[in-house]
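A quick write-up on the structure given underneath.
The values are calculated or read from the model by the stated rules, or taken from the named source; none is laboratory data. Fair warning: this is a prediction, and the values are worked out from it, not measured in the lab. FYI the Cβ positions are ideal-geometry reconstructions off the backbone, even for glycines, and counts take in every protein chain you see. Just the protein is used for accessible areas: all its heavy atoms, side chains included, with ligands, DNA and RNA removed. Shrake-Rupley method; radii C 1.70, N 1.55, O 1.52, S 1.80 Å.
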Amino acid sequence: MKRLPLLPQVLGCMAWAGAAWAQVPTVAAPAPASVAAQSAPAPSAPQPRRFQLDNGMTVIVQPDHRAPTAVQMLWVRVGSLDEVSGTSGVAHMLEHMMFKGTPTVPAGEFSRRVAALGGQENAFTYLDYTGYYQQVPAGHLREVMALESDRFANNQWPDAAFAPERAVVQEERRMRIEDRPRARLYEALMAQAFQISPYRRPVIGWMSDIEAYTADDVRDFHRRWYVPANAALVVAGDVDPEQVRVWAEQTYGQIAARPVPARKPQVENEQRGIRRFELKAVAEQPYLLMAYKVPRMSGIDAQDAATQDALALTVLSAVLDGYGGARLGRALTQGPDRVADSASASNGLSGRGPQLFLFSGVPAQGKDVAALEAGWRAQIAQIARDGISAAELNRVKTQWKAAQIYQRDSVMSQARMLGSNWIEDLPLDANDRLIARLDAVTAEQVRSVAARYFGDDQLTVGVLVPQAAAAGERPRRPGGDGDAQPSQGGEH
């Protein structure tokens with residue numbers, strides 16, 4: 001499906017299909033506005049409710065009575081951002097081991113019970129968080145709440161279960177990154193762009209760290225971070241909030257309270273000069289990645305200059321690559337003088353760590369990455385000089401509003417919107433408020449950020465240099481749509 005790598009993270013940040021978690025949030029393309037309007041909830045649609053259990057766990061409930069189904073998501077505010085050097089990937093490894101049982105639920109039994117209830121379930125790991133979810137008939141919600149709360153508090157497995165699952169993760173890394181040249185380029189780009197921030201490490205972990213971390217490293221990570229005050233239970237669907245509160249107190253509320261560990265500041269140094277590198281790999285086409293350091297939104301109502309610029313940069317990314325026929329497609333991939341087979345842009349609006357504005361592309365036949373880079377720079381320079389049109393600005397804003405309505409048709413989307421908002425300590429209505437803030441961005445603000453944030457001092461450039469395959473060796477898979485961003489741990 002068409003993916004828009006430019007919508008704000010809180011608008012639905014996860015690419016659930018294909019088990020990929022991208023660095024830059026994405027969302028499926030919205031239906032046409034007319035379809036989205038038909039799908040809009042009634043004005044009296046129930047609003048989400050938020051509670052806090054005595055042990056510090058947050059509970060968020062979004063009633064939606066249009067279908068007899070319910071989604072439970074347990075969000076833990078811990079991801080690769082919270083790992084220490086030498087144990088990269090341990091958050092993702094723990095996600096795998098959470099399926100290996102508790103004293104009362106043997107390995108594999110959790111998934112069997114969910115399936116027997118007519119449900120589906122999975123888990124995901126990312127830079128900023130880890131999550132677990134089940135979707136079941138609403139009448140079985142209490143049962144999966146009991147299962148998930150037991151797993152959260154009592155994850156337990158023998159050492160013998162660790163090595164085989166670590167081998168699974170190693171193979172996952174080979175398939176998702178090492179066999180995908182563009183994914184390896186993105187991984188290398190993150191390591192070059194960030195010198196201090198843990199975002200420099202891949203969520204799935206470096207292979208040497210995967211080989212070296214131990215079963216006790218994973219258990220220690222669980223004991224340290226899986227505490228009630230560091231987690232949120234999100235329930236969406238055909239449910240009564242007060243009943244969910246009672247069930248939450250009976251299940252999650254019985255977990256003992258413990259303090260959340262203190263987090264050390266890991267502030268990225270200011271970059272003072274362009275960084276360039278090449279990655280040689282067996283591939284059919286070259287690939288270009290350009291990453292600019294940009295400010296992030298500090299709060300949904302923040303009025304500081306950095307937040308205003310972050311919002312304008314998000315609008316800029318939409319103008320460049322937010323819809324069919326957007327600027328990059330027209331200018332770089334069409335016509336007799338085209339320089340690219342594909343080109344995309346995206347902005348990291350928010351997150352727990354520093355953010356990037358990314359450009360990526362594949363040169364057209366007979367063109368090289370230098371021509372593609374020059375084409376990209378020309379587009380930014382043109383916007384910095386001439387600005388954008390009112391029609392472009394209105395189109396991306398209308399599309400965001402349609403997408404905001406359309407995704408509410410899915411209880412899964414509603415749950416993940418609320419959960420991702422909580423991860424960043426945003427309010428329940430953050431999505432609507434963010435749309436309003438983006439709607440207020442002016443064409444002059446977009447022109448201004450185009451003029452100020454795309455110099456070389458904050459730029460990291462990575463180039464994939466194709467190498468011929470050895471005799472009998474096939475070129476490795478480049479990956480699918482959005483290939484600049486490899487799986488980052490992904491779903492279990």
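A few remarks follow.
- Peptides 369-377, 266-274, 142-150 ranked from most to least packed by the mean count of surrounding Cβ atoms within 10 Å: 142-150, 369-377, 266-274.
- Of Gln195, Pro286, His222, farthest towards positive along the dipole that unit charges on Lys, Arg, Asp, Glu beta carbons give the chain: Pro286
- Figure note: Met207, Met57 ranked by solvent-accessible area, largest first, 1.4 Å probe, ligands and nucleic acids not counted: Met207, Met57.
- In a reduced charge model with +1 at each Lys and Arg Cβ and -1 at each Asp and Glu Cβ, the chain shows a dipole moment near 700 debye about its Cα centre.
- In the chain, the portion of solvent-accessible area held by carbon and sulfur atoms comes to 50 percent [1.4 Å probe, whole percent, DNA, RNA and ligands not counted].
- Its relative contact order, with pairs defined as Cα atoms under 8 Å and 6+ residues apart, puts the chain at 27 percent.
- Inter-label distance, nm, simple model (7 Å from Cα along the C-beta direction), Asp54/Val465: 6.5 nm
- Rounded accessible area of Arg174 (nearest 10 Å², 1.4 Å probe): 90 Å²
- Accessible area of Thr214 in the full protein assembly, 1.4 Å probe (Å², nearest 10): 60 Å²
- Solvent-accessible surface (1.4 Å probe) assigned to Tyr406 amounts to roughly 90 Å².
- Our coupling estimate for the range 100-109, obtained by passing each phi through the Karplus curve with A = 6.51, B = -1.76, C = 1.60 and θ = phi - 60°, is 9, x, 9, x, 10, 10, x, 4, x, 6 Hz, Gly and Pro reported as x.
- Between the range 307-321 and the range 210-242, the C-alpha centres lie 33 angstrom from each other.
- Computed from Cα atoms, the angle from the helix 443-452 axis to the main principal axis of the chain rounds to 80 degrees.
- Axis angle, to the nearest 10 degrees, between helix 430-439 and the longest C-alpha principal axis of the chain: 20 degrees.
- Probe 1.4 Å, all protein chains present, accessible-area order of Lys367, Lys280, largest first: Lys280, Lys367
- Computed over protein heavy atoms with a 1.4 Å probe, the accessible surface of the chain works out to 39 Å² per residue.
- 3J(HN,Hα) along the range 318-328: 5, 4, 6, 8, x, 6, x, x, 5, 4, 4 Hz, from the Karplus curve 6.51 cos²θ - 1.76 cosθ + 1.60 with θ = phi - 60°, whole Hz, x for Gly and Pro.
- Cα-based helix-to-principal-axis angle, 181-193 vs the chain, degrees rounded to 10: 90 degrees
- Shown is the FRET efficiency for Gln382 and Val282, computed with R0 = 25 Å from the Cβ-Cβ distance and rounded to the nearest 0.05: 0.10.
- Placing a label point 7 Å from the Cα of Ala229 along the Cα-to-Cβ direction, the residues of the range 62-84 with a backbone N closer than 16 Å are 77-78.
- Under a model in which nothing but the beta-carbon of Lys, Arg (+1) and Asp, Glu (-1) is charged, the range 308-429 shows a dipole of about 220 debye around its Cα centre.
- Applying 1/(1 + (r/R0)^6) with r as the Cβ-Cβ distance of Gln156 and Ala390 and R0 = 51 angstrom yields a FRET efficiency of 0.25.
- For Ser88, the amide hydrogen comes within under 5 Å of the amide hydrogens of Trp206, counting only partners 5 or more places away or on other chains and with H modelled in the peptide plane.
- Averaging the sequence gap over all C-alpha pairs within less than 8 Å and six or more residues apart, then dividing by the number of residues, gives the range 313-401 a relative contact order of 27 percent.
- Computed E for Glu270/Arg112 - FRET, C-beta separation, R0 60 angstrom, nearest 0.05: 0.70
- Averaged over residues, the count of other Cβ atoms within 10 Å places the peptides 461-470, 381-390 in the sequence 461-470, 381-390, highest first.
- Selection from Ala331, Ile300, Ser317, by position along the positive dipole direction of the range 230-338 (Cβ): Ala331
- The distance linking the range 129-145 with the range 83-126 is 13 Å (Cα centroid to Cα centroid, whole angstrom).
- Ordered by solvent-accessible area of protein heavy atoms (1.4 Å probe), largest first, the residues Ile380, Ile405 come out as Ile405, Ile380.
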